[in-house]
1. Given the options 188, 150, name the one that is farther than 22 Å from residue 26 by Cβ and in a helix (DSSP H, G or I).
2. Could you grab the pairs with beta carbons closer than 8 Å, sequence gap of 6+ or different chains, first residue in segment 356-381 and free of Cβ contacts under 8 Å to residues at least 60 places away in the same chain, second one part of a helix (DSSP H, G or I)?
3. Could you grab the pairs with beta carbons closer than 8 Å, sequence gap of 6+ or different chains, first residue in segment 442-459 and closer than 14 Å to residue 92 by Cα, second one aromatic (Phe, Trp, Tyr)?
4. Filter segment 260-276 for residues that are closer than 17 Å to residue 25 by Cα, more than 25 Å from the chain's Cα centre (by Cα) and touching a residue at least 60 places away in the same chain (Cβ under 8 Å) and give the result.
5. Please enumerate the residues belonging to segment 150-191 that are more than 21 Å from residue 270 (Cα to Cα) and either of a type in the set (D, E, K, R) or surrounded by 14 or more Cβ atoms within 10 Å (Cβ to Cβ) (or both).
6. Would you point out which residue out of 337, 330 is in contact with a helix residue (DSSP H, G or I) (Cβ under 7 Å, 6 or more places away or on another chain), of a type in the set (A, V, I, L, M) and at pLDDT below 90?
7. Among the listed residues 432, 424, 448, which satisfies the condition of being under 20 Å from the mean Cα position of the chain (by Cα) and within 23 Å of residue 80 (Cβ to Cβ)?
Amino acid sequence: MPTLDRQTIGVPGLIFMIVAASAPLTVIAGGVPSNFAVTGNVGVPLSFLLLGGVLALFTVGYAAMSAHIRNAGAFYAYIAQGLGRAVGVGASWIALVSYNAMQVGIYGLFGFATASFVASKTGVDLPWWAAALIGFLIVGWLGINKVDLSVKVIAVLVGLEFLAVVIFDALAFSVAPVGVTGAGLDPSNLLVPGLGAVLAFSIAAFMGFESAAIYSEEVKDPKRAIGRATYVAVGLVASFYAVSSWAMTVATGPTQIVASAQEAGPDLIFIFLAEHAGPVITDITQLLFITSLLAALIAFHNAVARYSFSLGRESVLPQWLAGVNPRTHAPVAGSLAQSVFALVVLVCFALAGSGSDLGPLFPVLTLFTWLTNAGAVGLVLLLVMTSVAVIGYFRRHVRQHTAWTRAVAPALSAVLLGAVFAVILANFDVLIGAEGDSALSWILPALILMPGLAGLGWGLYLKARRPGLYSGIGFGGTQDPAGAKYSPGNQLPDVE
């Protein structure tokens, strides 16, 4: 059976991979100003702390599951073993589509930002799709190499983008035109009409935090590393987003942040740095904004490649997707498949954007906005399903954990994340900037959720027609409750 490279990633490297997927500088420079501008809510910083608490609840059960299930399929394996194999197949298809949507969508913003930076510094009018292809080649090359190379590249990029935002934060609190106020952290400013839209924007900023389990077959201490890395990443990202978005309100003054964000958009942080730190720091920060996107592209590419590997290994998808490099054990087939899919989508949007009335913003307002928000819908749904799966798994198999870990925290997580999922769907038109009753408001979520129903149907078909294969779904490379290891055709106890 093909295997990934074992004992390769430590806890620090895992944290970098998680944080890279969340793209901190991208969120602070792009997502936070958009949140202020669209919602008009000054309490955005507090929303990150509230959602961080909800995701910490999720991590309680998620971390406990990771100590018992070691599978690159992550959500797929957890849901298959907690809610049933057919449901797991449906979840795996949602995960595959969602992670692909997140990854490919980021190429839109990466292409725009890179082309804009090149044009401003050299005068060369580089098409956005050509800039995106540069990133595509880098990501594709790293994807077929040993995973620790990606970890090293990401560690450098994430460290630099954190430094850039810390510089902005320090300047914001030192400039503070009306003084340092706590308006951004005041509950009365958050708990107003429009709260749902704020939460919908803010939860999207965390997506990728759950990716630790995808590397469970490659970490040095899978029983502890997944939980530790996820707890650290959630706490780090939530506090980082909260402090930095609070700094943004201080930099302009809380009464001016909404108007400033509406006027400047993603340029808000760069305009501030140009005024108070000089052109060199501003240029470096803009360059790091681009590399932040590159780090996120690498992280999501690796996630898709490992999901494809896991599903191919268990024959849920074609077995050739489980192909690995015999020397580096990188999931080459899954990596190449993701690259081909990304290239096809890029070509389609490049052709569609030719002569568009949206001009240079076409890849941002379509490719990036549509796909990343659609991907967030699927990932939040998977968080809900995983929370329920934790309860189901521990009810059937393992009793050494406390009731808080086995049931209470996962139940609270399922309810709260379920509410966030409903809020995202209700505000999806706001997230994608649609006006009126746009068909995109339901088409894009449907493109993410319908594969889940198709996957459920495929899982039920496998149960009826290929029971030997079906019995191993969700157990590839790990142990089933009875301790038997899965291999194709090996019958395992049912979990349904």
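1. Of the residues listed, the single one that is farther than 22 Å from residue 26 by Cβ and in a helix (DSSP H, G or I) is 188.
2. Hits for this filter: 356/362; 358/365; 358/366.
3. 451/93; 452/93; 454/93; 455/93; 458/93; 459/470
4. Once the filter is applied, which keeps residues that are closer than 17 Å to residue 25 by Cα, more than 25 Å from the chain's Cα centre (by Cα) and touching a residue at least 60 places away in the same chain (Cβ under 8 Å), segment 260-276 yields 264, 272, 273.
5. Correct list: 150, 151, 152, 153, 154, 155, 181, 183, 185, 186, 189, 190.
6. From the options 337, 330, the qualifying one is 330.
7. Residue meeting the stated conditions: 448.
Condition check ((1) touching a residue at least 60 places away in the same chain (Cβ under 8 Å); (2) touching a Leu at 6+ places or on another chain (Cβ under 7 Å)) across all residues:
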residue: 40; (1), (2): yes, no
residue: 55; (1), (2): yes, no
residue: 72; (1), (2): yes, yes
residue: 123; (1), (2): no, no
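The values are calculated or read from the model by the stated rules, or taken from the named source; none is laboratory data. All values derive from a computational prediction rather than experimental measurement. Here the Cβ is made from the backbone with ideal geometry for all residues, glycine too, and neighbour counts use every protein chain on show. In case anyone asks, the SASA skips ligands and DNA or RNA and just uses the protein heavy atoms, side chains included. Shrake-Rupley method; radii C 1.70, N 1.55, O 1.52, S 1.80 Å.
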